[in-house]
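Quick note: the coordinates plus some simple rules give every number you see, no bench work behind them. Computed from a predicted structure; not experimentally measured. Here the Cβ is made from the backbone with ideal geometry for all residues, glycine too, and neighbour counts use every protein chain on show.
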Amino acid sequence: MSPVAALWFALMPLSDFFSCFVRRVARGKMPLHAGREHFHYVLMRAGLSGRQVLAVLLAFSVLYAAVGLIGARNRLPDWALFAPWFTLLASQSFIIRGLAVHLRHRRWRASQIVVEMPASVTATHYSYATQPTAGGEAAQRSGPSGRCWRVSERETECKIMKIKLKL
């Protein structure tokens, strides 16, 4: 097996090391001191659990190892394997950070859920929940926790509550 094909197996740890190294040197810090810039920290801050982070990093590693094996099996020249390897080495940090931004955005959108609850259920929690205005329109009020809700004319209909969920 070509040494360049073997480099594909180590792409994830090497790109993690070099991206942290370069980022620390650019900030004027010691490059070998501990920090929270590694890929697994970035993905965990984006909201993934430890097992999910492991699955993502393992999937990337398996994909890259497969590229190295396919290149070695097809006897590709070293330059044809090294050029994309070096490109991915330089851009893997942007790929992981882009994934983290996507995950954070998806999590934020999921937290903007509108939940419909029967008025009878919420009326037990808010005693002043179903008080329509004199014009017959729905009353706009704010509950005790500051959440917004809209009450319909009849108590049996649903009212809409915007709830921000912590995921």
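Quick check: pseudo-label points 7 Å beyond the Cα along Cα→Cβ at Ala80 and His33, how many nm apart are they?
Those two pseudo-labels are separated by 4.6 nm.
Just to check, using Stokes-Einstein with a Kirkwood Rh over alpha carbon pairs, what's the diffusion coefficient of the stretch 2-94 at 4 °C and 1.567 mPa s in µm²/s?
Translational D for this selection: 91 µm²/s.
Can you work out the FRET efficiency for the pair Val62 and Ser2, with r the C-beta to C-beta distance and R0 = 22 Å, to the nearest 0.05?
Between Val62 and Ser2 the formula returns 0.70.
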